[in-house]
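The values are calculated or read from the model by the stated rules, or taken from the named source; none is laboratory data. Given the structure is predicted, the values throughout are model-derived calculations rather than measurements. Note that each Cβ is placed from the backbone with ideal geometry, even for glycine, and that neighbours are counted across all protein chains shown. For accessibility, only protein heavy atoms count, side chains too; no ligands or nucleic acids. Shrake-Rupley method; radii C 1.70, N 1.55, O 1.52, S 1.80 Å.
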Amino acid sequence: MTTGTIFNIMRFAVNDGPGIRTTVFLKGCPLACTWCHNPEGLHPAMEVAYRPDRCAHCGACIEACPEHALADAPEGVERAVDLCVSCGTCAGACVTDARELMGREITVAELMKEVLKDRVFYDESGGGVTFSGGEPLLQYDFLTGALAACRKADVHTAVETTGFTSWERLSALIPFTRLFLYDLKVMDAERHRQFTGVSNLRILENLRALAATRAPVTVRVPLVPGVNDDEENIRAVARFVADLGTVPPVHLLPFHAGASGKYHALGMAYAMEDLRSPSQERVQSLASIFTAHGIAVHIGG
Amino acid sequence: MTERLRALREQSVSIQPYLSAERALLVTEASRVSGVHSAPVARAMIFAHVLEHKAICINDGELIVGERGPAPRATPTYPEICCHSMQDLEILHTRPKIPYAVSEEVRAAYRDTLIPFWRGRTIREKLFTEMTPAWHAAYEAGIFTEFMEQRAPGHTVLDKKIYHRGMLETIREIDRTIAGLDFLGDPSAYAKQEELRGMRIAAAAVIRYAERHAEVLEAHAAACTDPVRKQEMTHVAAVCRRVPAHAPATFHEALQMYWFIHLGVVTELNPWDSFNPGRLDQHLLPFYLAETQQGTLTDDAARELLGCLWVKFSNQPAPPKVGVTAAESATYTDFANINCGGLRTDGSDGVNEVTYLVLDVIDEMRLVQPSSNIQVSRKNPDAFIKRALHIIRKGWGQPSIFNADTVIEEMLRQGKSIEDARDGGTSGCVETGAFGKESYILTGYFNFPKVFEITLHGGVDPRTGAMIGAPTGDPRTFTTMDELVAAYRTQLRHFIDIKLRGNNVIERLYAVYVPTPFLSILIDDCIARGKDYADGGARYNTNYIQGVGIGTLADCFAAISAHVFGDRSVSMDELLASLTDDFAGHDRLRGLLLNRSPKYGNDDERADAFMREGFEIFYDAVNGRPNTKGGVYRIQMLPTTCHVYFGSVTGALPDGRRAGVPLSEGISPVQGADRNGPTAVLRSAAKMDHVRTGGTLLNQKFTPELVEGEKGIDHLTRLVRSYFTMGGHHIQFNIVDAATLRRAQEHPAEHRDLIVRVAGYSDYFCDLGKALQDEIIERTEHQSF
C-alpha cells in the first residue's frame, strides 16, 4: 500500500479551490521560501515541535525519550539536537500538547477514509479535496495514488504546486486533477533563487506547458513586501500570465506573519519576523495591474 | 426605521422593567367572590374580571395597542401559581443583573393583601407537598428541574385559525357544541358543559377588552389636536371594534387580532415559554396580497405595522421567578419565537413576499423579544437563507435556523397528519410542535452527567453523601465497559421514573385546579372535545423531558473506555480518587483525560458512538411512556441556560472537567473539545437521530471575518444545507466579537475551539501567536457590518 507523510488534514478549507474542501498537506518541499507559512512542511522527515507555553514541566517527555536527548531547563525542556532522532516518543508521553510530532505516515486508503468524511459538504458546495504542502509532487507515488482514489470516489481534486518538478510528473497528474493552484512568486530568475533557493526556469516552463493543455489552472501569487511586491515583478507576472494560451485567473495572497509561532516551536529561525502585511491600498493597486492585462484577479484564496 | 418605530423602540428598550401588582390584585379580588363554580368557569370569571378592570394603555404613536401590564415593561405576577415573598421582591429589585424594580406600593400590596391571601393556596406549594421524598431528593441534588413549579403548562403556538374566525363565531361554535352534548349517553357531558361555559365567558371577555381599547382611543381622538394622530387613533379604534369579535379584513387588523389574543393568553395564566403567532408570514400573506393589489398597503406601511407588533413583544418582559431561582435567573426574554419560511400546507415552498418583510423587520428592529427563526426546507430558495445569514452575521444571535423537513418528519413519526406537520414549526428554543393543535409541554431539564457521577458512586451523590440512586454497585468491581454502561442505564431509568411519576401528578394539579379556558378556545380540538388544553383537549398531547450534557456524557464514557477499560493505563480507583480531589495533584491524569482522550465533536467514532449510546438510553427510558392526557412522553436535547446550573451541582468528571464548571450545552461538543473545525462538529452532531426527538440545539461559533463577504455567506449557506441534508434539526451561528477574543486570549483552554480567519486561511485562535491574536482582535473590532 502506498504511504505518504502528511503534516495536516484541514477540514472546512474554504480558500484552496471551490466550495468547502479538505486540504491535505504533504510534508517536504524542494523550495525554501523565506516567507513560508508552513515551516513544518519544509522537511520531508518527521519533526517534533515544542511549545513552552503549554509545557507543564512534568518531566514525562524527558523520562520517555529513548535517546536521552531531553533535559529540563528554566525556559522549558531543552533538546540535544544531535541526539534527537525525531521518533516522537516524547510527544506521545506529553499530555498537554506541548510536544507535538509534526508529520504522520498514512496510506492512501486511510487518507481516503478521512477525507470522505466530509463528502456531504463537497457535494453540497461543489467542494472537494486539495493536496498542498510542502510540495505535494515530491511524494509523487502517494499523490497520484490519492488523486486516482479521489477520482474513483468522484471527489473533486485540486493540487497546489510550486511547479518545481518535471513536466513528465506534472503532466501525469492532469487526468486526475480538476484544478491546479499554481504558485508564481518571483519572475526574475536570480531573485527567485535568492528567496526560494531554486531557479524559476522549470516552474515557468511547466506553467506554460500546463496552460497549453487547457488544464484548469489558477495562478496564486503571494505578495511579500520587499520580496516580490514591486510593480516590476507584478507587471512581469501579469505579462507572463497574459501570454499563456488560455489565460488563467490570478489569486493574490497578501503576506501575513501568522507563522512565527510555528517557526519557534520547531526551533527554526524566521526571516520575516517583523514584516508587516501589505496595505489594502497597495494590494488593490497591484491587483489593478492584472485587470489592465485582461486577467481575472481575486484577492485572497 | 420610521420615526414612529424609532420612538416606540426607544421607549421599549429604555424603560427598566418593573413589577406590577395590578393583575395579582384583580385576581385576588375575583378569587374572593363566593358561589359554587366549576374550575373552568371560576377561572374564566377571574379572567373576565381582570380584562374588565385592568388599565388600558395607549402609547404615543402606536398602531398596535394593548399591554400585558398597565404600561410598557410593567410586568404582572401570577400569585395563584406562585406568590413572591417580600424577600423575593427585594432580590428582584436589587440583583445586579436583570433586575425588576419593585415600588413601595407593590411591596405594600404584597405585604398587606397578596401574601396573606395566597399563603397556602398556591399551586407551587401544593405541588411540592404532593411530591415524594425520592422526587425531592433528586430535585435538590440537581438531577432534574421542574418547569411547572412556577409557571403554568403552556408551550403552544397559534396557527391560522384566528385570521379566519372571530370570537363571535367561536362563541357560536361553543353554543352549538353545548347544545349537542349528550347528557343521557356521555357521563362527561356536565364536565364538558362547564369547560365550554368557561370558554364562552373567556371569549366574550376578550371582545370586551378590545372594546375598552376602542372606547379609550375614541376619547383620546376626540381630545387630540393633532389631525394626523387624531385620524390614526380613530382608525385604530375602528380596528379594535372589529377584532377580535370578527375575523380581520386587513393586514393591520390581522396583527391587532393576534395581539389581543396574545394578551388574553398571557393574562389568563403565565404559560411557559413561547406563545407566539407561529408562521406569521403564512398567516399574513393573504392580507398582504389583497391589500397591495388594491393599493391600500405598501411594503413600507406593512413593515411599520410589523415593527409596531415587534415593540409589543419587547414591552413584555418575562414574569420574574420566585425562590432561589430569583437570584439566578437572568433573562427578560419570554421566548416568543416567530417562524418564517418552511412549507405551505400543500407541501409547496412557503417563502413569500411577507417572509422577506419579516426578515427586514427582524433586522431593523434588532430586539431580543420577539425571537425569530427561519424554517429551511430543501424546497426553499438559497436567497432566503442568505437574507437571514446577512442578519445572523451581525452577531446578535437572530434568527436561528431550522430544518423544516426534519421538523415535519419528527411530527410525522409522532403520528401527526402531514398537513398539521407542515403547518407546525418550532418554538421556545428549538421545540417542535403542531401549531394550533398541540399541547407540547416541557416538563424539565435532565442532568445526564450528574446521573453518570452518581453511577460512579454506586447510587450515592458524592456532593451530599446521600444514597439517592439505584444500587448499581461499585464501579471498581466492573471489568468491562458494558457493565458501566448498564449501570448508567439503570441509574438513568431510576431517575426518569421519579421524574415521570412527579410529572403525572403535577399535570393533574393544573388540569384540576387551574384550567385555561381561553387558551383552550385557540387550540384544536378543545372545543369539539369539551376539554381543557391542560387536560387533553388538544388534538396532540406531548410531554417532553429535555436532556442536558450529552457532550460531557459522551466524553466521560469515551475517556473511561480509552484509559480504564482500553489501554488500562488508568485504574478506576485512581480515576475516582482524582475526581474526589477535583484533580488537585492529578495534573498528569487530567492532561491525559483532556488531551489524550477521544472527544465528541471531532467526527471521531470512539467518542461519537458514546453520544449515540447516551441518546438511546435516554430515548428508551422516556419515549412513548404515557402522560395523563392521552399522549406520551418524548425527548428533546436542549439546555437553555440550565447546563450552567447543572454544572454547578456536578463534581469533577472523567472527561477532565473540574467540579462546578458548566456542562456541554445542547448537542454541542464540550466547550473547547472540538478541534477539527465546523464540518467535523456537524458530522458528529448529525450522528444523533434527530427525527426521534422534538428538537435539538446546536451552537456554532465563528468570528465575523470567517463569514465576511458574499463568499462567507455562501459557505455558511452550504454548511447549513449540508447539516440539514444529514438530518440536523437546528443550528445557530454565534458570530463572536472582539471581547470574546480577548477572553479567549486570557483563558485559552476554554476557547480552543474558536476558529478565526487569519489571512486567506483559517486557524484556531488559541494556536496563533500573541501578536497575531492582538491584530485579529483589533481587526475584529474595526469590522463594520
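Quick notes on this structure:
- In a fully extended conformation the segment linking residue A:299 and residue A:168 would gain 44.0 nm over its present Cα-Cα distance, using 0.36 nm per residue.
- Residue B:742-residue A:285 FRET efficiency (beta carbon distance; Förster radius 41 Å; 0.05 resolution): 0.75
- By definition, a body whose alpha carbon gyration tensor gives a ≥ b ≥ c is rounded when a/c is under 1.5, and the stretch A:47-102 falls into this rounded group.
- Spin-label model distance (nm) - residue A:107 vs residue B:366, 7 Å beyond Cα toward Cβ: 5.6 nm
- Span from the the stretch B:45-113 Cα centroid across to the the stretch B:547-588 one, whole angstrom: 49 Å
- Listing of the stretch A:7-22 residues, each with accessible area lower by at least 20 Å² in the full protein assembly than in the chain alone (probe 1.4 Å): A:10, A:11, A:12, A:14, A:15, A:20
- Accessible surface of chain B, 1.4 Å probe, proportion on carbon and sulfur as whole %: 53 percent
- Distances between every pair of Cα atoms in the stretch B:285-379, grouped in 10 Å steps from 0 to the bin holding the largest one, split as 14, 36, 30, 13, 6, 1 percent.
- Rounded to whole Hz, the Karplus (6.51, -1.76, 1.60) HN-Hα couplings of the stretch B:716-732, x for glycine and proline: 4, 4, 5, 4, 4, 4, 5, 4, 6, 4, 7, x, x, 8, 8, 9, 10
- Qualifying lysines (Cα of each under 16 Å from Cα of residue A:117; at least 8 residues distant if same chain): A:152, B:687
- Threshold 20 Å² - residues in the stretch A:53-83 whose accessible area is reduced by that much or more when the chain is no longer isolated, probe 1.4 Å: A:54
- Rolling a 1.4 angstrom probe over the stretch A:47-102 with all protein chains present gives an accessible area of which 53% lies on carbon and sulfur atoms.
- Volume of the Cα convex hull of the stretch B:1-123, divided per residue and given in Å³: 129 Å³
- Counting only residues at least eight positions apart within a chain, or on another chain, the lysines with an alpha carbon under 17 Å from that of residue B:160 are B:437.
- A Cα-only calculation for the protein assembly as shown places Rg and Dmax at 32.5, 106 Å.
- Relative contact order, percent, chain A [alpha-carbon distance under 8 Å, six or more residues apart]: 19 percent
- Angle between chain B longest axis and helix B:770-781 axis [Cα atoms, degrees, rounded to 10]: 10 degrees
- Gap separating the Cα centres of the stretch A:216-269 and the stretch A:131-188, nearest whole Å: 18 Å
- Rounded to 0.05, the FRET efficiency of the residue B:224 and residue B:294 pair, given R0 = 30 Å and the Cβ-Cβ distance, is 0.60.
- Area of residue B:610 that stays accessible when all protein chains are in place (1.4 Å probe, Å², to 10): 30 Å²
- Using alpha-carbon coordinates, inclination of helix B:39-53 to the longest axis of chain B, degrees: 70 degrees
- Sites residue A:240 and residue B:412 - FRET efficiency at Förster radius 41 Å, r taken between beta-carbons, to 0.05: 0.10
- Local electrostatic count, residue B:422, Cβ distance below 13 Å [Lys/Arg +1, Asp/Glu -1]: -3
- Computed extension gain for residue B:749 through residue B:691, at 0.36 nm per residue and net of the alpha carbon distance, reaches 17.5 nm.
- Surface per residue (accessible, 1.4 Å probe) for the protein assembly as shown, Å²: 36 Å²
- When the accessible areas of A alone and B alone are added and the area of the pair subtracted, with a 1.4 Å probe, the result is around 2800 Å², both sides summed.
- Overall shape of chain B was characterised from the C-alpha gyration tensor. The equivalent ellipsoid obtained from it has semi-axes of 43, 32, 25 Å, in decreasing order.
- Partner lysines for residue B:54 [C-alpha distance under 19 Å; skip if fewer than 8 residues away on the same chain]: B:312
- Summing charges over neighbours of residue B:484, with a neighbour being any other residue whose Cβ is under 13 Å away from its Cβ, gives -3 when K and R count +1 and D and E count -1.
- The stretch B:276-301 and the stretch B:163-203 have Cα centres spaced 32 Å apart.
- Of A:38, A:15, A:200, the one that fluctuates the most in a GNM where chain A has Cα springs shorter than 10 Å: A:15
- For the pair residue A:212 and residue A:67, label points projected 7 Å from Cα toward Cβ lie 4.7 nm apart.
- 20 °C / 1.002 mPa s Stokes-Einstein diffusion coefficient of the stretch B:620-710, Kirkwood radius on C-alpha pairs, µm²/s: 137 µm²/s
- Listed cross-link partners B:321/B:531; B:97/B:321; B:499/B:629 are compared with a 22 Å cut-off, the Cα-Cα value being larger for B:321/B:531.
- Mean Cβ count within 10 Å, highest first, over the residues of peptides B:570-580, B:349-359: B:349-359, B:570-580
- To the nearest ten degrees, helix B:227-242 and the longest principal axis of the Cα atoms of chain B are 80 degrees apart.
- Simple spin-label estimate for residue B:512 and residue B:10 gives 5.5 nm between the two label positions (7 Å along the Cα-to-Cβ direction from each Cα).
- Tensor-based shape of the stretch B:300-435 (alpha-carbon gyration tensor, a/c under 1.5 rounded, otherwise prolate or oblate): oblate
- Net length available on complete extension from residue B:386 to residue B:32 is 121.8 nm, with 0.36 nm assigned per residue and the Cα-Cα distance removed.
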